[in-house]
Each structure stands twice: as structure tokens, then as C-alpha cells.
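J.: Handing you a structure now.
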2 protein chains.
Amino acid sequence: MSVMWTVKAVGLGVVALSLSVELLGWLQRRLRPGKTLNEVLIFPSELACVERIFNPSSSYTCLCPFPHGVESSFSRLLRYILSASSSLDLCVFAFSNMDLGRAVLALHSRGVTVRVLTDKDYAAIPGSQIGALRKAGICVRCSAGSVYMHHKFAVVDGQLLITGSLNWTLAAVQGNMENVVVTEEPDLLRPFIKEFHRLWLCNDRAQNYRSGDQKPAHHQNP
Amino acid sequence: MSVMWTVKAVGLGVVALSLSVELLGWLQRRLRPGKTLNEVLIFPSELACVERIFNPSSSYTCLCPFPHGVESSFSRLLRYILSASSSLDLCVFAFSNMDLGRAVLALHSRGVTVRVLTDKDYAAIPGSQIGALRKAGICVRCSAGSVYMHHKFAVVDGQLLITGSLNWTLAAVQGNMENVVVTEEPDLLRPFIKEFHRLWLCNDRAQNYRSGDQKPAHHQNP
């Protein structure tokens, strides 16, 4: 009888142990978040047609001379920007890249809340997209003063940070050696959201911009 | 008798359960790596004396007019750079900040292997530290060409990445609106190490630099 009870007790112990292992494994899987996105895009980007990114389901075949169907640093950057479903907060020193301008306009016309902060001197560079964004009704604020608003970052849906050395110009994308960090890491994201909010409030007066208002100062020692 | 055994069996089950919970908790703590460093430094930095960072144990009292004993974005940046114990790989567009120059020289004289990659045009800006680094025997390579080597990053001991919009100039540190990301995240670190390696090999020819060789082009559209 006593042997039987010992066997039962050991059996019960083993069952309890295995059950608790299972339970903890399950809890751990439930509590551990999915892998956080962390990616680096290196520029200059390979040349590639980006038409398909703007019109993924269109039957239109682009006839441009660039390779089609090739994933490049720039196409990845565009995809991340176009992934916005509710908001895009953009804080960028120089913005003259037409494809990036087109992406921001597409988001705006899709109902995404777009806010753009830029440097007043650099809002007037040749090919600047700032005028077109304003014309489309996008809220743009300019940082004016003797110092540069030298950030180059974007926050997508308050969840994804895009930041680096890359200005939103053609020279930066296709010429220069540049980097862009794309991350969902909350410890990195949070200070950028805070900084955007701070700068947005700092520059709350309507700062109308007329093309040719001011030419950029020589940017010799940024 | 049977009641006694039931009590013992239940007791054993409880003990087994709590022991396994303890064991799993311990395993989880052992297996989970320490929290990865992720920090953002926002500039312009508050003005603060950084003398104590260079000479923490010295009895010398700095008489400069800046606040003493204040932690700023710049003092944190200096600390991260000075934390190098084996290597510093620096890839920076413009480098004229004297305190940052002093930090790199201090690392070199402490036996840390320092490699510096910079843009040839910007190696000759007023106050450039590049000449002083070369004079001290630090290996400097310049990226020459029609495009900019526009990166602004450093890798400390192959483990810590410092990157952002901030050029290593006084205007950037004390004037501009800038950001620096400091991270140990391997997925972010790895591509920067690879990029440094690639650019270092690309620019392997001895590119001697004489002060005044070349003046920076106007940096209107970076």
C-alpha cells in the first residue's frame, strides 16, 4: 500500500513539474514581444525604377531605363515611408527629392496626417519640394534663425523611426555616401517624437514661404 | 493512513511546482541578455565645462565660465567616445570640433587604435582637426570625388555605434538642431562596421593632405 502511494506521489510530482514547465513556456511566449525592426540602409542607392512602389497593382509598364523589380536602399526607404497609415512627422533639413515628395503627397491624399518641419534657408533650394507640399495643403513649418535645423528624420505612425545622415535630395540618394537607420526600438523612437513635438511647438507661428524668398547660406561648416 | 498520504502527495506536488517555477525563473534570468544600450542625444547641447571628463582624477580646477559638473548631450557624447579601450573607427564628413579632436588624440596616445575616414573637401575647413590627427600619427583616409562622404558615425571597440546628423563641428554641437543615436543593437551596428570596412578599403591609396590644398565646395544641396 505504502509503495503504491509513493508511486502516486512521485507521479503527481512529475505531472505538476511538466505542467508548470508548459505553463511558464506559454507565459514567456505570450509576454515576449516579436522581434523589433532594426535596419540600416546604405547610400548611394543602386539605381532602380520605383514606379511599381507607387502603383503596385497598376498594369502600367514603366519604360524608364532603370532596372525594374530591383530592391534598392531607396526603394526600401520609399516603402517604409509609404507604409504610414495614420501619420507622418517629417523633420528634414533639405527636401528636393521628387520621388520622396511624391511619396509624401501620396500619403497626404490618402488621408494620412502629414506634418513637415524644415530649415527656412533650405526650403528654397533648387527643386525644393516644400512649395508643392504646401500647395497640396500639407502643414509645413520652417525653422528660421542663424543655426541649422539639421535633423533628417521621420516618424511613421508614431511607431517607426527613420533617421540618419541622408537629406531628402537627389544628390544624397544617388551620389553621396550616406546612412539611414530604420527602427521600432522604443528607447530610440521616444526622444525623436519628443524632439519633433518640441520643434513643432517652437515654430508655431505661420511662417509663409514664397519661392525665392531667401537663398541658402553657404553651408561650409554644418 | 490514506489521508496522510494524500496530504504528502499534495505537499510534494506543491514543492515540485514551486521548485520548477524557481528553476525556470533562474534559467530565464541567465539566458536573457542584459538590456541593450539605446540612447538618443539631442543637440544643440547645453553649455557645460568638459574638463573633468578629460581629467577625472586631476586636482586642477577649471576656471572657464561654463557650468561645472553638469551633464550635457555633448559631455555624454565625449564619454562614449572616450570609453574606447581598443579601437575607434570614425567616419565623419566635417571634423573641426576641438574637444572632439582632443578626445580622439587622447585615445590615440592611450594606445587605442584609431582610424579616421573623412571627406577630402571638408578636411580643409577652418579649424579642421584632420591635420592635427595626422601629425599625431593617426591613420586618416580621405574620400575624394564629386560626391560627399556624408556619414557622421563612429564605432567604439567594435561594439558601440554612435551615428546621426551631427558633424563634429562647434556649430553642430552648440548651434544646430541635431541628433545622435548611441546603440549597441547588433542589427544596427553590423552594417555600419561593414560600411566602414568597405570605405576604408576603397580609399586605401595614400592621400596626402596639405593644409589649404582644396577649399570646400559650396554645400548647397547635400
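The values are calculated or read from the model by the stated rules, or taken from the named source; none is laboratory data. Keep in mind that what you see is a predicted model, and the values were worked out from it rather than measured. Quick reminder, even Gly has a Cβ in these numbers, built from the backbone with ideal geometry, and neighbours come from all protein chains shown.
J.: Filter the stretch B:76-103 down to residues that are in contact with an Asp or Glu (Cβ under 7 Å, 6 or more places away or on another chain) and either outside the structural domain of residue B:44 (by TED's automatic domain parsing) or not in a helix (DSSP H, G or I) (or both), then give me how many there are.
T.: First, the residues of the stretch B:76-103 that are in contact with an Asp or Glu (Cβ under 7 Å, 6 or more places away or on another chain): B:78, B:84-87, B:93.
Pick out the ones that are also either outside the structural domain of residue B:44 (by TED's automatic domain parsing) or not in a helix (DSSP H, G or I) (or both) and you get B:84-87, B:93.
Final tally of qualifying residues: 5.
J.: Kindly establish whether residue A:151 is more than 13 Å from residue B:181 (Cβ to Cβ) and either modelled with pLDDT of 95 or more or at the interface with chain B (Cβ under 7 Å from one of its Cβ atoms) (or both).
T.: It is false that residue A:151 is more than 13 Å from residue B:181 (Cβ to Cβ) and either modelled with pLDDT of 95 or more or at the interface with chain B (Cβ under 7 Å from one of its Cβ atoms) (or both).
J.: Check whether at least one residue in the stretch A:7-25 is assigned by TED's automatic domain parsing to the domain that holds residue A:152, crowded, with 16+ Cβ neighbours inside 10 Å and either touching a helix residue (DSSP H, G or I) at 6+ places or on another chain (Cβ under 7 Å) or in a strand (DSSP E or B) (or both), and report yes or no.
T.: no
J.: Which residue pairs have Cβ atoms under 6 Å apart, sit 6 or more places apart or on different chains, and have a first residue in the stretch A:149-166 that is under 19 Å from residue B:161 (Cβ atoms) and a second that is of a type in the set (Lys, Arg)?
T.: A:165/B:152; A:166/A:152
J.: So which of A:213, A:187, A:121, A:157 is of a type in the set (Asp, Glu), at pLDDT 95 or above and over 15 Å from residue A:87 (Cα atoms)?
T.: Working: A:213 fails: at pLDDT 95 or above; A:121 fails: at pLDDT 95 or above; A:157 fails: over 15 Å from residue A:87 (Cα atoms).
Every option except A:187 fails the conditions.
J.: Could you list, in sequence order, the residues of the stretch B:114-139 that are more than 9 Å from chain A (Cβ to nearest Cβ), in a strand (DSSP E or B) and either more than 22 Å from residue B:180 (Cβ to Cβ) or over 18 Å from the mean Cα position of the chain (by Cα) (or both)? Outline the logic, then answer.
T.: First, pick out the residues of the stretch B:114-139 that are more than 9 Å from chain A (Cβ to nearest Cβ): B:114-118, B:120-121, B:123-124, B:128-139.
From what's left, in a strand (DSSP E or B): B:114-118, B:139.
Scanning the stretch B:114-139 gives a single hit, B:139.
J.: Only one of these is farther than 30 Å from residue A:183 by Cβ and either away from every other protein chain (no Cβ under 14 Å) or over 19 Å from the mean Cα position of the chain (by Cα) (or both): B:87, B:57. Name it.
T.: Only one candidate qualifies: B:57.
J.: Report yes if some residue within the stretch A:95-102 is away from every other protein chain (no Cβ under 12 Å) and touching a strand residue (DSSP E or B) at 6+ places or on another chain (Cβ under 8 Å); otherwise report no. Talk me through it step by step, then tell me what you get.
T.: Our first condition is that a residue be away from every other protein chain (no Cβ under 12 Å); within the stretch A:95-102, this holds for A:98-102.
This time we only want the ones that are touching a strand residue (DSSP E or B) at 6+ places or on another chain (Cβ under 8 Å), so: A:100-101.
Looking for residues that are away from every other protein chain (no Cβ under 12 Å) and touching a strand residue (DSSP E or B) at 6+ places or on another chain (Cβ under 8 Å), one finds at least one in the stretch A:95-102, hence yes.
J.: Go through (1) in contact with a Gly (Cβ under 7 Å, 6 or more places away or on another chain); (2) more than 8 Å from every other protein chain (Cβ to nearest Cβ) one by one and return the number of the condition residue B:181 breaks.
T.: Checking residue B:181 against (1) in contact with a Gly (Cβ under 7 Å, 6 or more places away or on another chain); (2) more than 8 Å from every other protein chain (Cβ to nearest Cβ), the one that fails is (2).
J.: Which residues, taken from the stretch B:160-196, are under 21 Å from residue B:123 (Cα atoms), in a helix (DSSP H, G or I) and touching a Phe, Trp or Tyr at 6+ places or on another chain (Cβ under 7 Å)?
T.: Within the stretch B:160-196, B:172, B:173 meet the criteria.
J.: Which numbered condition trips up residue A:160, out of (1) within 11 Å of chain B (Cβ to nearest Cβ); (2) under 11 Å from residue A:89 (Cα atoms)?
T.: (1)
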